[in-house]
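*Asks:* Quick one: the structure is below, and I'll ask about it shortly.
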Amino acid sequence: MKKIILMFSFCMLSAAFLFAQHSAVMLNMDVVIGNRPPAPNELRMMKAEENSHPNVAKAMHGIERSMKFLHDAPDDFGGHKAQAESDLRQAYVSLRKALYFRLYDGH
């Protein structure tokens with residue numbers, strides 16, 4: 001009986017450890033798509049991914065700058081400015097999903 005209890009306790013402890021380790025690696029989708037700022041531990045993980053994939057990070061930051069420049073433009077360009085802003089936002093989110101894929105999907 002003691003062996004069974006010991007074995008059960010070991011299995012539960014192992015499962016709890018694996019779950020905690022797995023969830024610590026996960027990045028919240030709200031952070032990935034930019035709906036909330038990252039917590040310090042999330043920011044560290046994100047910076048590591050950016051350092052591992054500098055070309056994607058540069059593209060992402062270039063789109064960020066483009067969105068700001070376009071937003072600050074003084075005209076609506078016949079409605080095309082809003083469409084361009086929407087397209088840039090979609091491209092930005094897609095790049096973030098690509099760059100941080102391993103962090104929010106657990107791979």
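Each value in this text was obtained by applying a stated rule to the coordinates, not by laboratory testing. Not measured: the values here are computed from a predicted model. A quick note on method: Cβ atoms are made from the backbone with ideal geometry, for glycine too, and the neighbour counts reach across all protein chains shown.
*Asks:* Output wanted: per-residue J couplings in Hz (rounded whole) for the range 36-44, from phi through Karplus 6.51 cos²θ - 1.76 cosθ + 1.60, θ = phi - 60°, x for Gly and Pro.
*Replies:* Values, residue by residue: 8, x, x, 6, x, 5, 5, 4, 4 Hz.
*Asks:* Another one. Would you list which aspartates and glutamates come within 16 Å of Lys81, measuring only between C-alpha atoms, while excluding same-chain residues fewer than 8 positions from it?
*Replies:* List returned: Glu64, Asp72.
*Asks:* Give me the percent of Cα-Cα pairs in the range 38-86 that sit more than 13 Å apart, rounded to a whole number. Walk me through the numbers before you get to the answer.
*Replies:* On the way: 771 of 1176 pairs.
Percent of Cα pairs beyond 13 Å in the range 38-86: 66.
*Asks:* What does the highest-first list of 75-88, 35-48, 92-105 look like by mean Cβ count within 10 Å?
*Replies:* Numbers: 75-88: 11.4, 35-48: 12.9, 92-105: 16.7.
So the peptides 75-88, 35-48, 92-105, ranked by packing, come out 92-105, 35-48, 75-88.
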